[in-house]
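Here's the structure we're looking at; comments come further down.
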Amino acid sequence: MTKHNLKHFKALSLCMLIAFSSCKENDKKEDTVTESTNILLQEWTGPYGGVPAFDKMNVADVKEAVEKGMELGLADIEKIANNTEAPTFENTIVAMERSGKELDRVFTYYGILSSNVSSPEFRSLQAELAPKLSDYRSKISQNENLFSRIKAVYEASKTTPLEADQQRVVDLVYKSFEMDGANLDAEKKKRYAEINKELSSLYTKFSNNVLHDEENYVTYLNADQLGGLSESFVKAAAQIATDKGQEGKYAITNTRSSIDPFLTYSTERELRKQVWTNYYSRGDNGDEYDNNALIAEILRLRKERVQLMGYDNYAEWRLQDRMAKNPENAMDLMMAVWPAAIARVKEEVVDMQAVANANNDNITIEPWDYRYYAEKVRQKKYDLDSEEVKQYLQLDKLTQALFYTAERLFNYNFTPVAEGSVPVFHDDVKVWDVTDKDSGKHIGLWYLDPFARQGKRSGAWATMYRSHSTFDGEKTVLASNNSNFVKPAPGEPVLVSWDDATTFFHEFGHALHFFSSNVKYPTLNGGVRDYTEFQSQLLERWLSTDEVINQFLVHYKTGEPIPAALVAKIKNASTFNQGFGTTEYLASALIDMKLHLADPTNIDIDKFERETLSEMNMPKELVMRHRTPHFGHVFSSEGYATAYYGYMWADVLTADASEAFNEAPGGFYDKDMADKLVKYLFAPRNSMDPAEAYRLFRGRDAKIEALMRDRGFPIPKK
């Protein structure tokens, strides 16, 4: 899911219930787990406070582990719910924080088997387990005795407030139960649970359909079809083809990391069209893997579910605890930017068409032409060649740049662990020990899984295997970043685009958010969806600082630093192609919101997408970043449903905070600003209201004008 994905099960969950995990329990239960031979249930052992046994996980163990984990988790809940003592924060809320730790461990492995090393065998198991897991969640969210105790603690806290962090946990827990139907009558609860069960299966099927189309639509090229492609790309494509049993050919896989450079540089227009069509038709091929009917059913069920609680639509229900508060505020932000974005696209298309005409190409710009001719315009307008820039963007050097940034801002050191000392699930995965630079205190481990492969979902994401907490003894963080860079031929460097380097920094921002947590209770490590992208988007800005550029952007052959003239061109072109980037993103965010505000009865998804984009004056020369049939953010779980706008909401904060750093005496490495960044924006996680946290950092609310300036758009009149 392009930019962000927490632990798979937490993203899968319809509420925060499963996040209540960690630490000690009674001896009898521990004995049950200890006696089990299922490695997925076992407590983590080894160095660094214990680590997952990734090298021993097996799909054959999953079903037993999940079912046993649910059994133990429900036993925890029943013990809390049936406690005869009066409800207190300690015996109810803290007890919930301790519950379900076995299933939490299982789902660390489950997430890897789903996202990083998926297989047909596992996907079949996912489909079987999805309704059972939905039942499990419903048994918790609809446990009347449990909710009665939570409600008693919540109401008591209104007259006798708790400590700030305890009050925040109580408020979050109560709200999550309330939003998940805990106040419904018995008949409505029954239907609510049935809907969740149906949705869980639909989400799993949606994801697996998209993964099928990513794996099975591969374009193979011959040697005479490589025009425009770089040497490193050609070598990597040859290696992939060989690995797929097509030696002598060149494979363009159906993932963004493969199609983006191909669409940008290939001189073969018909092949560009084929590759583009494969990618943007995922889940929309009119076969058994087509997602349109699934989406229509998901929308109908989501609306029915929230109507049980008295809401008019899904968006109204979903956004009540987000920074935007309601769909109107989210739409207002998007529509304030949309006119400037599509106007900029028109300008970009004029420039591209002029280049095409000057070359006597005799074409009209189509979506599969946009990247190709945009690159030609970039070279003409700014004398900037993306392929030239790429020669200075080596993955290993960029990784060192991440560590440098973490040291300067967070005072962290990253040291590779000894080979074999920490289990990994694939040979590509590397692990670093994260420590405080001054004290040497261990903070956590950072896992990096950089390369695309069969069975790995597309995009880039961050995952937390273990979160920080102190309520039952200090727990250190286990975090990972996952990318889909094309693995090079043996002995070749990994060279990436500026966009991919930006995403690399972005995802590392999530990891730093995990590592810097100073919260006491696990629930406070959760996030507000339209705020959690802010920290990671902000970290992207350090890629273009002089300190990073001058030290880590060196030529992969000569080792020479990137020339100052080339850096000047990069900065001069910083707002280039913003029409394309903003419009393709906003189109997806707007369709997400409009789909959930529409009447889903008899909805035709393809028709709705087509007609709505037309009404919005969507330029015909490009498409949504994520077309509806493969929009996994929204339809493979509920993580980003009516929340994809959150990237732009967060980007307002990002642009505004960037101006604060620009204005500081020390710029982006200003010590006082860095301290405030960590103290107010990273370390608190969800222990305080995000709007208040930002005001503590900035001294005021963020302003949309900063976003418009940042993108080179005209500032709308008040």
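The values are calculated or read from the model by the stated rules, or taken from the named source; none is laboratory data. This is a predicted model, so every value here is computed, not measured. Ideal geometry is used to build each Cβ from the backbone, glycine not excepted, and the neighbour counts take in all protein chains shown. With ligands, DNA and RNA removed, areas are computed over all heavy atoms of the protein, side chains included. Shrake-Rupley method; radii C 1.70, N 1.55, O 1.52, S 1.80 Å.
A few notes on this one:
- A cut-off under 14 angstrom between Cβ atoms defines the neighbours of ASP606, and their net charge, with Lys, Arg +1 and Asp, Glu -1, is -1.
- Additional length obtainable on full extension of the chain from ASP606 to GLU297, 0.36 nm per residue less Cα span: 109.9 nm
- Angle in degrees between helix 269-280 and the longest Cα principal axis of the chain, rounded to the nearest 10: 10
- Take the Cβ atoms of GLU366 and LYS188, set R0 to 51 Å, and the FRET efficiency comes out at 0.55.
- For LYS703 and GLU155, the difference between the fully extended length at 0.36 nm per residue and the C-alpha to C-alpha distance is 193.7 nm.
- Averaged per residue, the stretch 340-418 has 43 square angstrom of accessible surface, using a 1.4 angstrom probe with ligands and nucleic acids left out.
- Look at the dipole of the chain built from charges on Cβ: of LEU125, VAL678, ASN550, the Cα furthest out on the positive end belongs to VAL678.
- Cβ crowding within 10 Å averaged over residues, with 561-567, 707-713 ranked highest first: 707-713, 561-567
- Helical runs (DSSP H, four residues minimum) scored at -39500 (n - 2.57) apiece and divided by the length of the chain put the mean residue ellipticity at 222 nm at -17000 deg cm²/dmol.
- Solvent-accessible surface of the stretch 47-150, averaged per residue with a 1.4 angstrom probe and all protein chains in place: 36 square angstrom.
- Projected label points at ALA564 and ALA598, each 7 Å from Cα along the beta carbon direction, are separated by 5.5 nanometres.
- Those residues of the stretch 195-210 whose amide nitrogen sits under 14 Å from the label point placed on ALA127, 7 Å along Cα→Cβ: 201-210
- Gyration tensor (alpha-carbon) shape descriptor, the stretch 476-559, a/c threshold 1.5: prolate
- Calculated from backbone phi, Karplus (6.51, -1.76, 1.60) coupling profile of the stretch 353-358 in Hz, x at Gly/Pro: 5, 5, 5, 4, 5, 5
- Ordering ASN411, PRO339, ASN357 by Cα displacement along the dipole of the stretch 320-441 toward the positive end leaves PRO339 in first place; charges were set at the Cβ atoms of Lys, Arg (+1) and Asp, Glu (-1).
- FRET efficiency estimate (nearest 0.05) - Cβ-Cβ, ASP436 to ASN359, R0 45 angstrom: 0.20
- Of every Cα-Cα pair in the stretch 572-633, the percent that sits beyond 20 Å: 28
- For the stretch 637-712, the Stokes-Einstein estimate of translational diffusion at 25 °C and a viscosity of 0.890 mPa s comes to 184 µm²/s, using the Kirkwood hydrodynamic radius over alpha-carbon pairs.
- Gyration tensor (Cα) of the stretch 603-656, equivalent ellipsoid semi-axes in angstrom: 22, 17, 9
- With the highest mean first, a sort of the peptides 81-89, 284-292 on other beta-carbon atoms found within 10 angstrom per residue produces 284-292, 81-89.
- If a spin label sat at a point 7 angstrom from the Cα of ASP243 along the line to its beta carbon, the backbone N atoms of the stretch 102-119 nearer than 17 Å would be those of 115-119.
- Computed with the Debye formula from one identical point scatterer per Cα of the stretch 208-287, without solvent, the log10 of I(q)/I(0) at q = 0.14, 0.15, 0.25, 0.26 Å⁻¹ comes to -0.42, -0.49, -1.23, -1.30.
- C-alpha center-to-center spacing [the stretch 196-220, the stretch 516-561] in angstrom: 31
- Net +/- balance of residues flanking PRO416 in space, Cβ distance below 12 Å, scoring K and R +1, D and E -1: -2
- In the chain, the longest principal axis of the Cα atoms and the axis of helix 578-597 are about 40 degrees apart.
- By DSSP, the beta bridges lying fully in the chain are antiparallel in about 75 percent of cases.
- Helix 144-159 axis versus longest C-alpha principal axis of the chain: approximately 80°, rounded to the nearest ten.
- The stretch 628-662 and the stretch 575-606 have Cα centres spaced 13 Å apart.
- The mean sequence separation of alpha-carbon pairs under 8 Å and at least six residues apart, normalised by the residue count of the stretch 564-695, gives a relative contact order of 23 percent.
- For the stretch 604-614, Karplus couplings with θ = phi - 60° (6.51, -1.76, 1.60), whole Hz, Gly/Pro x: 9, 4, 4, 5, 4, 4, 4, 6, 5, 4, 5
- Take the Cβ atoms of HIS426 and LYS63, set R0 to 30 Å, and the FRET efficiency comes out at 0.85.
- By accessible area, using a 1.4 Å probe on protein heavy atoms only, the chain has 48% of its surface on carbon and sulfur.
- Net length available on complete extension from LYS56 to ASN216 is 54.7 nm, with 0.36 nm assigned per residue and the Cα-Cα distance removed.
- Per-residue ³J(HN,Hα) for the stretch 164-178, Karplus 6.51 cos²θ - 1.76 cosθ + 1.60, θ = phi - 60°, Hz, x for Gly and Pro: 3, 6, 5, 4, 5, 4, 4, 4, 5, 5, 4, 4, 5, 5, 4
- In the context of the full set of protein chains, residues of the stretch 207-251 present 46 Å² of accessible surface per residue (probe radius 1.4 Å, heavy atoms only).
- Take every pair of alpha-carbon atoms less than 8 Å apart whose residues are at least six positions apart; their mean separation over the length of the chain yields a relative contact order of 17 percent.
- Here the peptides 625-634, 112-121, 694-703, 536-545 are ranked by packing, the mean other Cβ count within 10 Å, and the order with the highest first is 625-634, 536-545, 112-121, 694-703.
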